[in-house]
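Worksheet for the structure shown next.
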């Protein structure tokens, strides 16, 4: 079975900068950000803590969601995360490990 597309949000330790992305392999993607192999913005701002993700049935849907998130204010992004993760704690990158 193919993994769904995921829209995800990463943040830094201060929780004052966020990065929205799309992936089919969240575990690999988060590890790439942590090791500095990914986007230069995340590397420059030490953004590698996974705090939110949402599954999608299609790449188009995931990219649309990412675009909506990228247009949000910092306050709205924080509110989105806090609905599912009130403490903005770092999550496991494996959707199978998440507790509903």
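The sole residue among 54, 24 that is touching a strand residue (DSSP E or B) at 6+ places or on another chain (Cβ under 7 Å) and over 25 Å from residue 87 (Cα atoms) is 24. Please verify whether segment 40-47 includes one or more residues that are within 16 Å of residue 6 (Cα to Cα), surrounded by 18 or more Cβ atoms within 10 Å (Cβ to Cβ) and within 13 Å of the chain's Cα centre (by Cα). No, segment 40-47 contains no residue that is within 16 Å of residue 6 (Cα to Cα), surrounded by 18 or more Cβ atoms within 10 Å (Cβ to Cβ) and within 13 Å of the chain's Cα centre (by Cα). The numbered conditions (1) at pLDDT below 90; (2) touching a strand residue (DSSP E or B) at 6+ places or on another chain (Cβ under 8 Å) are all true for residue 96 except (2).
For residues in segment 22-33 being free of Cβ contacts under 8 Å to residues at least 24 places away in the same chain and surrounded by 17 or more Cβ atoms within 10 Å (Cβ to Cβ), which is nearest to the chain's Cα centre (by Cα)? By that ranking, first place goes to 23.
The values are calculated or read from the model by the stated rules, or taken from the named source; none is laboratory data. A quick note: this is a predicted structure, and the numbers were derived from the prediction, not measured. Counting neighbours? That spans all protein chains shown, and the Cβs are built from the backbone with ideal geometry, glycine included.
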